[in-house]
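The values are calculated or read from the model by the stated rules, or taken from the named source; none is laboratory data. Small disclaimer: the values here were computed from a predicted structure and weren't measured. Counting neighbours? That spans all protein chains shown, and the Cβs are built from the backbone with ideal geometry, glycine included.
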Amino acid sequence: MIVAALLVALSAPPVSLAQETPRREAAERVTRQDLAALVQVLDARLAAPLIDGSLQGDALRAANERFDRISIQFLGGRPERVATELEGWLEELEPAGAWRARRRPARAPLSRVRAALNRIIDEAEAAGSKLDEASLRILEARMELLVDAPSPGSSREFLLSTPALARELAGEARRVAAGERPYAMRTGDHWRTVAHGDRDLPLRVHRPAGLPADARPPLLVAFHGAGGDENFLFELAGDGHVKTLADRHGFVVACPSTMDFMGDAAAFDALVADLTRDHAVDPERVFLFGHSMGTGPVAGIGAARPGRVAGAVAVAGFGTRAPEGPPTLVIAGEVDPIVRASGLRRAAEAAKGGPSEVAFEVLANQGHTLMLPAAMERAVTFLGLGD
């Protein structure tokens, strides 16, 4: 199932060498990092009217249809055309190029910082300090993000490799060297990993700053669609609206890389175990949210671990659900050209009949991707996270 991969333009493969030379040269001139920068500015500009409802009716429908058309052009391997379309839209919203000032600045060289951080850990280990292995593993993964020249195709490098990250890591390295756990009860938005055998699964985690230390908050695990990665829902989708909802309602939200959880329920077990350890989440209130391709692990985990999922929401995608699966809400966009509302309605009807609820809703005038902020609002209500 296809998601509007343009929204991140981050991890899709480069244009095939088998394509014609002009197309290949265009792809080389416009990188995925270039497209990501453009779409981040557009997403931030549209976030407020999408969330507060001031964009509605025919205007909402037109914005969705326009964005979905651009997304399909991206999926067709036309990056230069996509960049032109996005720049044209931004000029309409903010004439005279005012939007250009909000693009992300250039990165500073960070390899020397990374070497210095490694020395802190090496000296602690040489001195016989007892380090928390889980924290050390996360620290080492985070230090891998400190690169001098971010890859234009790796969003976790060009989104997260910043001097601010280097400053954070300096404090984290000192704490790990002292035997502490800097990622336990860490508030705010941060990139980290979860150990799953010999693999380190990347994810973004957000814990509201207002949660008391003894809280047992719910956990929402949110899966992005194809072409994205763990940064998708935190950087885009209404300018990271899921984090605002977590702050408002007091739950922890984790956004992993969807492909790591396809057909691997044990990865879900590892994620929940780590976040229970580090954030004291309530294992009885673990909820799933998935967009497009991200509805795959929602269905798979719900079937494989029915007793461990308290509820699920599938947006712009839904295949099936095990009879013993959790209460599930299926959300479709009325004008979605990629995953039709009529097909989702039939799939939701076919999944009914078990002991748990299967509900279906169509969001009027919404398409495949711009509907995410509204779908998240509905998810919070359906899952009881707003109580």
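When restricted to residues that are in a helix (DSSP H, G or I) and either in the same structural domain as Arg156 (by TED's automatic domain parsing) or of a type outside the set (Phe, Trp, Tyr) (or both), region 186-242 contains 8. Taking (1) without any contact (Cβ under 8 Å) to a residue 12 or more places away in the chain; (2) under 29 Å from Val252 (Cβ atoms); (3) over 22 Å from the mean Cα position of the chain (by Cα) in turn, Lys130 satisfies each apart from (1).
Within region 360-387, restricting attention to residues that are free of Cβ contacts under 8 Å to residues at least 40 places away in the same chain and touching a helix residue (DSSP H, G or I) at 6+ places or on another chain (Cβ under 7 Å), the residue that is surrounded by the most Cβ atoms within 10 Å (Cβ to Cβ) is Leu363.
Within region 138-164, the set of residues being surrounded by 17 or more Cβ atoms within 10 Å (Cβ to Cβ) and in a helix (DSSP H, G or I) comprises Ile138, Leu139, Ala141, Arg142, Met143, Ser155, Arg156, Glu157, Phe158, Leu159, Leu160.
Does region 75-98 contain any residue that is at pLDDT below 85, within 30 Å of Thr320 (Cα to Cα), assigned to a helix (DSSP H, G or I) and not assigned by TED's automatic domain parsing to the domain that holds Leu233? Checking region 75-98: at least one residue is at pLDDT below 85, within 30 Å of Thr320 (Cα to Cα), assigned to a helix (DSSP H, G or I) and not assigned by TED's automatic domain parsing to the domain that holds Leu233. Glu324 falls short on exactly one of the conditions (1) of a type in the set (D, E, K, R); (2) within 24 Å of Ile51 (Cβ to Cβ); (3) touching a helix residue (DSSP H, G or I) at 6+ places or on another chain (Cβ under 6 Å), and that condition is (2). Any residue at all in region 367-379 that's basic (Lys, Arg), under 26 Å from Ala62 (Cα atoms), outside any loop (DSSP other than H, G, I, E, B) and modelled with pLDDT of 95 or more? Within region 367-379, one or more residues are basic (Lys, Arg), under 26 Å from Ala62 (Cα atoms), outside any loop (DSSP other than H, G, I, E, B) and modelled with pLDDT of 95 or more. Listed by position, the strands (runs of 3 or more DSSP E) contained in region 254-349 that have at least 2 residues being more than 24 Å from Ala364 (Cβ to Cβ) are 286-291. Taking region 203-216 as the range and being crowded, with 19+ Cβ neighbours inside 10 Å and either more than 20 Å from Phe234 (Cα to Cα) or touching a residue at least 60 places away in the same chain (Cβ under 8 Å) (or both) as the test, the residues that pass are Leu203, Val205, Arg207.
Among the candidates Gly225, Gly210, Gly250, the residue that is in contact with a Ser or Thr (Cβ under 8 Å, 6 or more places away or on another chain) and of a type in the set (Gly, Ala, Ser) is uniquely Gly225.
Which one of Phe232, Phe251 is modelled with pLDDT of 95 or more and under 28 Å from Gly300 (Cα atoms)?
Numbers: Phe232 fails: modelled with pLDDT of 95 or more.
Sole residue among the options that is modelled with pLDDT of 95 or more and under 28 Å from Gly300 (Cα atoms): Phe251.
Of all residues in region 227-277, those being over 13 Å from the mean Cα position of the chain (by Cα) and of a type outside the set (D, E, K, R) number 20.
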